[in-house]
Amino acid sequence: MNKIFVDIYLAFNLGDDLFLDVLAKKYPNCEFTLNYIGKNYDSFISGYRNLKRRKYTLLNKVGQRLKLSDKITNYHEVAEEHDALLFLGGSIFREEDYHNSLFRDRIKMVSEFKKRDKSIFILGANFGPYKTKDFINDYRRLFELCDDVCFRDKYSYEIFKGLKQVRYAPDIVFQMNVDKYKSIQKKNIVGYSIIDVNHKKGLASYSKTYINTTVKSIEHFVNKGYKCWLMSFCEKEGDQKICRMIYSQLSNETKKHIKIYEYSGDIKEAISLIASFKLFIAARFHGVILSLLLGRTCLPVIYSEKTSNMLKDISMDETMMITMKNLALQTDENILSKAKDVNANINKLSGLACNHFKMLNAFIEGGRDAYEKRNYIHVN
């Protein structure tokens with residue numbers, strides 16, 4: 001049984017939890033150890049027989065605090081105990097204030113696996129936003145140490161296409177089988193996946209406008225006879241707080257037709273709710289993807305180029321993308337009418353998205369020798 005160490009952002013963010021769900025189900029005979037020491041994910045992890053988290057006991061905690069031992073960045077031990085390292089995530093290469101410390105940690109981890117001639121994969125990510133050439137150069141150095149780097153958008157691929165390790169495939173979640181949800185009857189409901197724009201770098205100035213236009217949009221649809229759901233995909237990133245703020249600004253009459261959903265780890269529940277929407281006004285990246293997979297009408301609200309880049313890759317009409325500069329279009333009848341006619345070729349996307357795991361498949365199925373005979377695929 002292959003033992004793979006997985007570095008992934010775990011904060012009960014629906015998008016990242018979907019990545020983990022796809023991975024665990026795709027490789028039932030692999031053992032995945034998550035780079036996570038908290039106990040709050042134990043219930044989620046228990047739903048998969050091949051997932052576990054790093055052991056971190058009370059003694060480890062005391063030793064860490066007293067600087068007697070290190071059980072958090074002891075990557076030499078981790079590399080000894082595992083066959084491969086996998087970085088799994090979406091927006092994991094952003095130039096933030098903490099870049100230097102995060103990069104040092106990643107380099108340390110990668111170097112320990114590299115010293116032992118063990119395989120290193122990066123799957124599902126996009127690159128950026130970034131501001132400096134140094135940031136690109138840092139990660140070029142890290143990617144060169146990896147065996148396989150598969151980006152989820154062509155924009156990121158183009159930045160590093162000179163590296164033989166670098167490939168492109170559509171977002172991992174496009175390969176999810178959601179057939180059992182498609183039979184859920186659509187109801188007279190408009191859903192909103194809400195974000196806290198203050199949590200997104202450089203967007204704080206749009207906070208008031210985002211809340212006000214969303215309030216107006218909700219009132220618009222309630223007046224047309226719809227019920228509305230506000231969805232928080234990640235409490236830690238402020239979604240829940242903004243849902244409640246929007247709710248507080250609605251009239252008492254409108255509130256009778258509004259519900260708030262707070263994702264807390266139940267993937268099936270979240271997807272089932274989205275499947276019941278007649279229209280999903282989705283700011284969250286994976287809100288857009290789930291809508292497309294389920295065949296539900298979606299209006300993307302773009303807060304990041306990662307979403308617009310993905311939609312361009314699948315040839316979605318740019319006039320249907322609501323940006324932070326034109327939030328008032330959430331109630332524009334012309335755009336709503338266009339949204340109903342969107343017909344993305346999901347079958348093709350699902351097949352291409354499976355290519356994210358092409359090299360990991362070769363490693364797991366054939367071992368190191370067979371894996372090293374691979375041919376790199378750059379753009380599918």
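The values are calculated or read from the model by the stated rules, or taken from the named source; none is laboratory data. These figures come from a predicted structure and were not determined experimentally. Every residue, glycine as well, gets a Cβ built from its backbone with ideal geometry; the counts of neighbours run over all protein chains shown. Accessible surface is based on the protein model in full, side chains and every heavy atom, while ligands, DNA and RNA are left aside. Shrake-Rupley method; radii C 1.70, N 1.55, O 1.52, S 1.80 Å.
A few notes on this one:
- Sole exception among (1) modelled with pLDDT of 75 or more; (2) closer than 20 Å to GLN175 by Cα; (3) surrounded by 11 or more Cβ atoms within 10 Å (Cβ to Cβ) for ASN347, by number: (3)
- Residues within segment 321-330 that are more than 19 Å from PRO129 (Cα to Cα) and surrounded by fewer than 18 Cβ atoms within 10 Å (Cβ to Cβ), tallied: 2
- Taking the numbered list (1) under 18 Å from ASN188 (Cα atoms); (2) in contact (Cβ under 8 Å) with a residue 60 or more places away in the chain; (3) among the aliphatic types (A, V, I, L, M) in turn, MET310 passes all entries but (1).
- Apart from one condition, SER156 fits all of (1) surrounded by fewer than 19 Cβ atoms within 10 Å (Cβ to Cβ); (2) part of a helix (DSSP H, G or I); the exception is (1).
- Applying the condition of being of a type in the set (Val, Ile, Thr) and within 13 Å of HIS220 (Cα to Cα) to segment 246-264 and asking which residue is farthest from the chain's Cα centre (by Cα) yields THR254.
- Here TYR168 fulfils each of the conditions (1) of a type in the set (Ser, Thr, Tyr); (2) surrounded by fewer than 19 Cβ atoms within 10 Å (Cβ to Cβ); (3) within 20 Å of the chain's Cα centre (by Cα) apart from (2).
- Of the residues examined, THR254 is not one that is part of a helix (DSSP H, G or I), at pLDDT below 95 and in contact with a helix residue (DSSP H, G or I) (Cβ under 8 Å, 6 or more places away or on another chain).
- For the condition open to solvent by 10 Å² or more (accessible area, probe 1.4 Å), in a loop (DSSP other than H, G, I, E, B) and of a type in the set (D, E, K, R), LYS180 does not qualify.
- Residues of segment 271-320 that turn out to be surrounded by fewer than 23 Cβ atoms within 10 Å (Cβ to Cβ), part of a helix (DSSP H, G or I) and either modelled with pLDDT of 95 or more or among the polar types (S, T, N, Q) (or both), as a count: 6
- Taking the listed residues ASP332, ASP313, ASP317, the one that is among the acidic types (Asp, Glu), out of contact with any Gly (no Cβ under 8 Å at 6 or more places or on another chain) and closer than 25 Å to PHE93 by Cα is ASP313, with no other qualifying.
- The residues in segment 1-53 that are of a type outside the set (Val, Ile, Thr), assigned to a loop (DSSP other than H, G, I, E, B) and within 22 Å of CYS234 (Cβ to Cβ) can be counted, and the count is 14.
- Failed item in (1) loosely packed, with under 14 Cβ neighbours inside 10 Å; (2) at pLDDT below 95; (3) in contact with a helix residue (DSSP H, G or I) (Cβ under 9 Å, 6 or more places away or on another chain), with ILE72 passing the rest: (1)
- Of all residues in segment 252-284, those being basic (Lys, Arg), under 22 Å from ALA11 (Cβ atoms) and without any contact (Cβ under 8 Å) to a residue 60 or more places away in the chain number 1.
- Some residue of segment 184-196 being under 22 Å from MET310 (Cα atoms), modelled with pLDDT of 95 or more and either part of a helix (DSSP H, G or I) or small (Gly, Ala, Ser) (or both): yes
- Segment 166-185: number of residues that are free of Cβ contacts under 8 Å to residues at least 40 places away in the same chain and more than 22 Å from HIS356 (Cβ to Cβ): 2
- Members of segment 82-117 found to be in contact with an Asp or Glu (Cβ under 8 Å, 6 or more places away or on another chain), buried (at least 18 other Cβ atoms within 10 Å of the Cβ) and not in a helix (DSSP H, G or I), listed by number: LEU85, LEU86, PHE87, LEU88, GLY89, GLY90
- Every pair of residues 6+ apart whose Cβ atoms lie under 6 Å, when the first sits in segment 128-151 and is open to solvent by 10 Å² or more (accessible area, probe 1.4 Å) while the second is assigned to a strand (DSSP E or B): ASP147/SER119; ASP147/ILE120
- Residue count for segment 228-243, restricted to those that are outside any helix (DSSP H, G or I) and surrounded by fewer than 18 Cβ atoms within 10 Å (Cβ to Cβ): 2.
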